[in-house]
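Okay, structure first, notes after.
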Amino acid sequence: MILETIEKENDIKNVAPEDWNLLAEEIRSFLIKKISVTGGHLGSNLGAVELTMALHLSLNLPQDKIVWDVGHQSYTHKLLTGRRSGFESLRKYGGMSGFPKRKESECDCFDTGHSSTSISAGLGLVKARDLRNENHTVISVIGDGSLTGGMAYEALNNASRLKKNFIIVLNDNNMSISENVGGVSKYLNNIRTADKYLDMKEGIYNSLMESNLEPIVTSIRRAKSSVKQLVIPGMFFEDMGITYLGPVDGHNINAMMKVLREAKRCKSAVLVHVITQKGKGFAPAEKHPARFHGAEPFDVETGLPLTPKTKSSYTDVFSTVMCKLGDRYQDVVAITAAMPDGTGLKRFRNMYPDRFFDVGIAEEHAVTFAAGLAAGGMHPVVAVYSSFLQRAYDQILHDVCIQNLPVTFAIDRAGLVGSDGETHQGIFDLSYLSSIPNMHIMAPKNKWELSDMLKFAVAFQGPVALRYPRGEAFDGLREYREPIRFGKAEWIYRENDIALVAVGSMVKTALTVREALLRKGFHCSIINARFVKPIDTEILDEAVENHDLIVTMEENVASGGFGEKVREYFDRHHFGTRLLAVHVPDEYVEHGNVDILRRELGIDAETIGQKIMEQYKEMSHKDSRKGTKI
């Protein structure tokens with residue numbers, strides 16, 4: 001196999017040109033085989049094989065730099081930089097990340113994981129290069145979907161002022177930008193990328209600049225652009241001052257290498273428009289690209305998941321309830337940032353298309369747009385992943401909460417999400433949301449409570465954040481379904497000795513902890529916190545009266561979390577109360593199976609039980625020395 005000859009960066013340059021297409025086929029076969037076992041981002045990687053090969057053939061890594069927007073399409077890049085063996089542990093705990101990581105390879109020049117960031121990062125690398133008088137190429141690769149994010153345009157606006165080379169590759173796999181039209185456009189585009197044209201253009205430019213005739217240069221550029229405006233695609237970029245090259249077939253390596261050669265000669269920012277097909281080479285992914293964006297392990301022959309879903313997820317429950325609320329209330333509208341499938345709003349979109357809004361990868365806009373809808377008399381529900389909502393912190397604070405507008409944030413993937421790693425773990429939302437006045441935060445213990453809380457939130461006249469985890473919805477404790485009352489927690493079991501005060505998904509863990517403590521002879525209560533803001537101080541007062549130890553449990557970092565709020569309250573009102581706070585450490589959590597991550601972080605049932613016993617023994621020892629019996 002040709003792929004086996006690639007052991008490190010730049011080895012692809014030893015592959016004969018006539019074997020490039022064969023190597024592309026081998027890469028696709030390798031990715032399909034490996035991802036069918038581990039799961040991962042398949043569609044985007046299959047579509048970027050030839051593009052990545054052309055970049056590696058045109059560059060000298062790691063001296064030259066490639067910044068991958070989001071980074072979920074970097075699998076071929078990892079193969080071509082000698083990380084083939086890493087695919088055995090792709091996205092597993094301790095294994096290779098599914099995203100670029102600087103700590104993993106010198107050829108990964110920037111960590112990515114969220115959208116619309118590559119142009120900004122690339123521009124920073126360009127300016128650093130120039131300030132250090134270095135002479136390497138920087139290329140930012142960005143998808144057409146990522147261009148729906150406003151940050152990309154902020155970066156383009158700054159890049160337009162460059163007088164040095166900076167290449168932006170637009171990987172367009174959904175025709176989001178208009179197609180090239182007509183033979184004249186193709187003819188002019190070929191002229192302006194030809195060697196003679198560029199040589200002449202560069203020579204004239206240098207002569208005029210050396211003669212201090214910059215105003216003449218500006219006038220010529222304006223006159224030229226007025227003609228190109230009629231026939232050349234991409235004039236939006238040209239009008240910003242960014243040279244546009246393309247479109248070019250993203251599966252034609254020779255064509256891409258040619259246009260990249262010309263792009264490297266531009267003394268400015270240049271955008272290369274590449275057309276690719278998402279999922280190319282694997283029929284199920286070509287037919288259903290959304291399904292194979294982030295695929296679970298699947299059967300290679302059929303493309304079907306190896307483990308079919310048998311139980312409903314929290315996302316499924318949210319989807320069902322939203323459709324019912326849409327029928328019941330005409331003022332309920334739904335907003336998503338390019339994730340109607342992932343957030344469960346696809347059914348709502350089909351049923352109520354006039355009240356559904358997909359704003360693209362633009363979380364900041366989504367939140368302020370929701371604020372406008374709320375100010376106009378509607379009740380918007382913004383469905384978003386926890387880690388993506390971080391991008392709209394200012395809009396939540398400034399546009400929603402200052403005005404106390406009735407916007408519901410349905411926060412999916414809250415807590416640990418697993419294989420996507422640091423950039424996607426939803427372990428900060430309780431902290432960053434609870435710092436905002438007028439924000440109210442809830443977390444359901446099971447699927448029934450998610451339904452009740454969503455109904456409560458839609459009827460509430462103010463901002464509400466409802467956070468729930470990824471994956472299968474817990475269907476236990478159905479008999480414990482007290483009506484949702486503002487700011488009130490719920491007793492599940494009321495005993496003494498130890499009180500477990502659990503937030504959302506941790507209620508299920510608390511049940512296992514309680515069973516273990518009962519076997520050791522301890523009485524153990526469970527309180528379902530329900531609200532993280534405001535916390536139920538009355539139930540905490542009651543718990544202090546009847547329990548020796550209070551244990552808070554949450555799937556959020558310590559700083560700013562639920563446990564910190566309870567500790568602060570106890571310090572003010574119940575000084576000396578014995579409190580054990582169970583939480584995620586204040587650190588970034590890498591990729592891996594969620595159960596493994598919980599154990600490593602010390603928030604699994606067994607470790608929590610051990611911590612409680614250690615705390616209890618320490619308390620007993622101290623109190624026995626004081627002559628007090630617990």
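The values are calculated or read from the model by the stated rules, or taken from the named source; none is laboratory data. Quantities reported herein were computed from a predicted structural model and do not represent experimental measurements. Backbone-built Cβ (ideal geometry, glycine too); neighbour counts: all protein chains shown. Areas reflect the complete protein model, heavy atoms only, side chains present, ligands, DNA and RNA absent. Shrake-Rupley method; radii C 1.70, N 1.55, O 1.52, S 1.80 Å.
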Return a yes/no flag: does segment 308-329 have any residue that is in contact with a strand residue (DSSP E or B) (Cβ under 7 Å, 6 or more places away or on another chain) and at pLDDT below 95.
yes
Please find, among Ile335, Ile361, Ile396, the residue that is surrounded by 20 or more Cβ atoms within 10 Å (Cβ to Cβ) and modelled with pLDDT under 95.
Ile361
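Out of the residues in segment 83-104 that are of a type in the set (D, E, K, R) and outside any loop (DSSP other than H, G, I, E, B), state the one that is most open to solvent (accessible area, probe 1.4 Å). Give the steps one after another, and end with the answer.
So the first thing to find is which residues in segment 83-104 are of a type in the set (D, E, K, R), and the list is 83-84, 88, 91-92, 101-104.
Then keep just the ones that are outside any loop (DSSP other than H, G, I, E, B); that gives 84, 88.
Values: Arg84: 70, Glu88: 109 Å².
Among those that are of a type in the set (D, E, K, R) and outside any loop (DSSP other than H, G, I, E, B), it is Glu88.
Please give the helices (runs of 4 or more DSSP H) falling wholly within segment 276-371 in which 3 or more residues are touching a Ser or Thr at 6+ places or on another chain (Cβ under 8 Å).
On the way: elements: 283-287, 314-328, 346-351.
By residue number, 314-328, 346-351.
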Is it the case that some residue within segment 264-277 is of a type in the set (Val, Ile, Thr) and either over 19 Å from Asp144 (Cα atoms) or out of contact with any helix residue (DSSP H, G or I) (no Cβ under 8 Å at 6 or more places or on another chain) (or both)?
yes
Within segment 367-374, identify whether any single residue is among the aromatic types (Phe, Trp, Tyr) and within 21 Å of Tyr314 (Cβ to Cβ), and answer yes or no.
no
If the Cβ limit is 8 Å and pairs must be 6+ apart or interchain, which residue in segment 272-297 that is closer than 23 Å to Lys346 by Cβ pairs with which residue that is at pLDDT below 90 and of a type in the set (Lys, Arg)?
Gly279/Lys287; Pro284/Arg291; Ala285/Arg291
Taking the condition open to solvent by 10 Å² or more (accessible area, probe 1.4 Å), over 23 Å from the mean Cα position of the chain (by Cα) and either at pLDDT below 95 or not hydrophobic (A, V, I, L, M, F, W, C) (or both), does Asp111 pass?
no
Quick check: is even one residue across segment 61-82 part of a helix (DSSP H, G or I), surrounded by fewer than 22 Cβ atoms within 10 Å (Cβ to Cβ), over 17 Å from the mean Cα position of the chain (by Cα) and touching a residue at least 12 places away in the same chain (Cβ under 8 Å)?
no
Residue pairs within 9 Å by beta carbon, gap of at least six or interchain, first lying in segment 4-22 and farther than 14 Å from His56 by Cα, second surrounded by 11 or more Cβ atoms within 10 Å (Cβ to Cβ) and not β-branched (Val, Ile, Thr), listed first then second, are Glu4/Glu26; Glu4/Arg84; Thr5/Asp11; Asn21/Glu50
Checking the structure you have, find out if any residue of segment 292-303 is of a type in the set (Gly, Ala, Ser) and modelled with pLDDT of 95 or more.
no
If you take the residues in segment 424-438 that are closer than 16 Å to Met506 by Cβ and open to solvent by less than 10 Å² (accessible area, probe 1.4 Å), which one is farthest from the chain's Cα centre (by Cα)?
Leu430
Scan segment 39-60 for residues that are open to solvent by 10 Å² or more (accessible area, probe 1.4 Å) and touching a Leu at 6+ places or on another chain (Cβ under 9 Å) and jot them down.
Leu57, Ser58
Restricting segment 258-273 to residues that are closer than 12 Å to Thr137 by Cβ and not in a strand (DSSP E or B), the residue that is most open to solvent (accessible area, probe 1.4 Å):
Arg261
Any residue in segment 521-546 that is more than 13 Å from Phe562 (Cβ to Cβ) and in contact (Cβ under 8 Å) with a residue 60 or more places away in the chain sitting within a Cβ distance under 7 Å of a residue that is of a type outside the set (Ser, Thr, Tyr) and open to solvent by less than 50 Å² (accessible area, probe 1.4 Å)? List the pairs, counting only those 6 or more apart or interchain.
Phe522/Asp497; Phe522/Ile498
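I'm trying to understand the selection: among the residues of segment 559-578, which are closer than 20 Å to Asp429 by Cα and open to solvent by 40 Å² or more (accessible area, probe 1.4 Å)? Lay out the reasoning, then the answer.
If we filter segment 559-578 for residues that are closer than 20 Å to Asp429 by Cα, which is where we start, we get 559-568.
Those that are closer than 20 Å to Asp429 by Cα and open to solvent by 40 Å² or more (accessible area, probe 1.4 Å): Ser559, Glu564, Lys565, Arg567, Glu568.
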So Glu479 clears everything in (1) free of Cβ contacts under 8 Å to residues at least 12 places away in the same chain; (2) closer than 30 Å to Ala295 by Cα; (3) acidic (Asp, Glu) except one condition, right? Which one?
(2)
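For the subset of segment 305-328 comprising residues that are open to solvent by 90 Å² or more (accessible area, probe 1.4 Å) and not acidic (Asp, Glu), which member is farthest from Phe456 (Cα to Cα)? I'd like the intermediate steps shown before the answer.
Let us first name the residues in segment 305-328 that are open to solvent by 90 Å² or more (accessible area, probe 1.4 Å), namely 306-307, 309-311, 324, 327-328.
Subset that is not acidic (Asp, Glu): 306-307, 309-311, 324, 328.
Details: Leu306: 37, Thr307: 34, Lys309: 29, Thr310: 28, Lys311: 25, Lys324: 13, Arg328: 13 Å.
Filtering first and then ranking leaves Leu306.
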Going by what's in this entry, would Ser387 be described as among the hydroxyl-bearing types (Ser, Thr, Tyr) and buried (at least 20 other Cβ atoms within 10 Å of the Cβ)?
yes
With the structure loaded, tell me whether Asp412 is acidic (Asp, Glu) and either within 22 Å of Phe456 (Cα to Cα) or open to solvent by less than 10 Å² (accessible area, probe 1.4 Å) (or both) or whether it fails that test.
yes
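Using the structure shown, decide if His288 is modelled with pLDDT under 90, more than 23 Å from Ile142 (Cβ to Cβ) and within 33 Å of the chain's Cα centre (by Cα). If you could, list the steps in order and put the result at the bottom.
Values: modelled with pLDDT under 90: yes; more than 23 Å from Ile142 (Cβ to Cβ): yes; within 33 Å of the chain's Cα centre (by Cα): yes.
Judged against the criteria, His288 is a match.
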